[in-house]
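Everything on this sheet refers to the single structure shown next.
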Amino acid sequence: MNRRRTVSAAALLALLLPLPLVAGGPAAAADAPVTAADTAATAESRRTLPELPRPTGRFAVGQDTLHLVDRGRTDPWAKAGPRELMVTMRYPARRGTGGPVRYLTSAEARLLLVSRGLDGVIPVETLAGTKARSRTDARPVGGRHPLIVLSPGFTVPRATLTSLAEDLASRGYVVAAVDHAYESVGTAFPGGRVLECLACETTGGDAGYRAVTDNRARDVSFLLDRLTGRSPAWRHAGLIDPGRIAMAGHSIGGASAAATMAVDPRVRAGVDMDGSLMTPVPGAGLGGRPFLLLGAADTVPGADASWDRDWPRLDGWKRWITFAGSGHFTFTDFPAIGDQLGLPDPQTPLPGARSVELTRRYVAAFFDLHLRGRPQPVLDGPAADAPEVRFHTP
């Protein structure tokens, strides 16, 4: 497992945003003095609300929020009460319908900033007010669409995968982004509750992280029951084609995609974005179902023991792809937001807009190939217009 993903929960919080604590800190000062103009420009950028890149598909994007309660399970972290999920549903919608959405609630944004030491550096409303492209209560485009479940990294909310979710929905997918209770630094639930990261206090080591991925697999199976069962929880559930379901996730959310596929045959394909496989892929494989390992620049063969271990066990179509200049959070919204706030990560020089573009391109190509049967030459090997992309064959 990559060293960045085996650290303690406290250290994981320090990695929450791939940004320096303050612009012009000691590292920057060693390179060049920070001028008054620099400080003013950075302060102004933080007052300007960042915008997520526009989706690339032909549809507008609608958004709903679901609160799901699994009364058949006790929450594994609170040790009391039923397991709860917050889910953002995005779907292809008609243009010109619906209203604006919030990226995060103020409470969620505050806890996210506090956990990284950025409170007082980035205003809460700057982060919370990040411009997303979805529209609440938008009129859906009819038909039956493939469903993709997205699971975020440990300690971070589902909103961190918004750019990817919106792009997939604009391409004609229904997307369910899940917040797993007590696994984020702060997630708003109904009744004014904001659940913080109880799992951070108890999770550590391979066994602890495996408990997270195993629990998330159960969460996703419950979610699929509630979206595709006889009495679905979502008002637009008729949009979902239950025969075309897939899953992707970042970090431990990506590891959870493999864990879910191991126990739920409804999930036909999976993408792991830079997450060590804490629940091993079964020795018998995943029933020939396709899987994409999409890693940061240093997640190459020999760097992550779990990927090396499980690569031979992936018994269907598979690829191991990395992006040069990328880091662990490249596959989230953070690089794009950080660049706009004047807080880029010097250790991951791939620009934020390019991070979003490449992530969207390769994830969408994977799902278009395996859920829609559309050939995708971009997945066959290096492309001239994507020199950052590396294909690995261990």
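One table, with the values for the structure above:
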{"quantity": "Test: residue in region 95-104 that is in contact with a Cys (Cβ under 9 Å, 6 or more places away or on another chain) and of a type in the set (Phe, Trp, Tyr)", "calculated": "no"}
{"quantity": "Lone unmet requirement of (1) among the small types (Gly, Ala, Ser); (2) touching a Gly at 6+ places or on another chain (Cβ under 7 Å); (3) over 20 Å from Phe391 (Cβ atoms); (4) part of a loop (DSSP other than H, G, I, E, B) for Gly342", "calculated": "(2)"}
{"quantity": "Selection count, region 253-287, where residues are in a strand (DSSP E or B) and either at pLDDT below 95 or under 23 Å from Phe329 (Cα atoms) (or both)", "calculated": "5"}
{"quantity": "Residue within region 215-223 that is under 27 Å from Met278 (Cα atoms) and either modelled with pLDDT under 95 or in a loop (DSSP other than H, G, I, E, B) (or both) present", "calculated": "no"}
{"quantity": "Any hit, region 340-351, residues being modelled with pLDDT under 95, touching a Lys or Arg at 6+ places or on another chain (Cβ under 9 Å), over 29 Å from Gly243 (Cβ atoms) and buried (at least 20 other Cβ atoms within 10 Å of the Cβ)", "calculated": "yes"}
{"quantity": "Output for region 235-252, where each listed residue is in contact with a Leu (Cβ under 7 Å, 6 or more places away or on another chain) and not in a strand (DSSP E or B)", "calculated": "Ala237"}
{"quantity": "Output for region 188-206, where each listed residue is in a loop (DSSP other than H, G, I, E, B) and either among the small types (Gly, Ala, Ser) or at pLDDT 95 or above (or both)", "calculated": "Glu196, Cys197, Gly204"}
{"quantity": "Residues located in region 91-123, provided they are out of contact with any Asp or Glu (no Cβ under 9 Å at 6 or more places or on another chain) and over 30 Å from Leu239 (Cβ atoms)", "calculated": "Ala107, Leu112, Val114, Ser115, Arg116, Gly117, Leu118, Asp119, Gly120, Val121, Ile122, Pro123"}
{"quantity": "Count of region 153-165 residues which are more than 22 Å from Arg54 (Cα to Cα) and either of a type in the set (D, E, K, R) or in a loop (DSSP other than H, G, I, E, B) (or both)", "calculated": "3"}
{"quantity": "Any hit, region 299-319, residues being among the hydrophobic types (A, V, I, L, M, F, W, C), over 16 Å from the mean Cα position of the chain (by Cα) and farther than 29 Å from Ala211 by Cβ", "calculated": "yes"}
{"quantity": "Matching entry among Arg94, Arg83, Arg110 (being of a type outside the set (A, V, I, L, M, F, W, C), without any contact (Cβ under 8 Å) to a residue 60 or more places away in the chain and surrounded by fewer than 23 Cβ atoms within 10 Å (Cβ to Cβ))", "calculated": "Arg94"}
{"quantity": "Any hit, region 166-187, residues being buried (at least 22 other Cβ atoms within 10 Å of the Cβ), at pLDDT 95 or above, in a helix (DSSP H, G or I) and among the acidic types (Asp, Glu)", "calculated": "yes"}
{"quantity": "Every pair of residues 6+ apart whose Cβ atoms lie under 6 Å, when the first sits in region 363-380 and is touching a residue at least 12 places away in the same chain (Cβ under 8 Å) while the second is among the β-branched types (Val, Ile, Thr) and in a helix (DSSP H, G or I)", "calculated": "Ala365/Val378"}
{"quantity": "Which numbered condition Val149 misses (of (1) surrounded by fewer than 21 Cβ atoms within 10 Å (Cβ to Cβ); (2) among the β-branched types (Val, Ile, Thr); (3) touching a helix residue (DSSP H, G or I) at 6+ places or on another chain (Cβ under 8 Å))", "calculated": "(1)"}
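The values are calculated or read from the model by the stated rules, or taken from the named source; none is laboratory data. Because the structure is a prediction, the values reported are computed rather than measured. With ideal geometry, Cβ positions are generated from the backbone for all residues, glycine too; neighbour counts draw on all protein chains shown.
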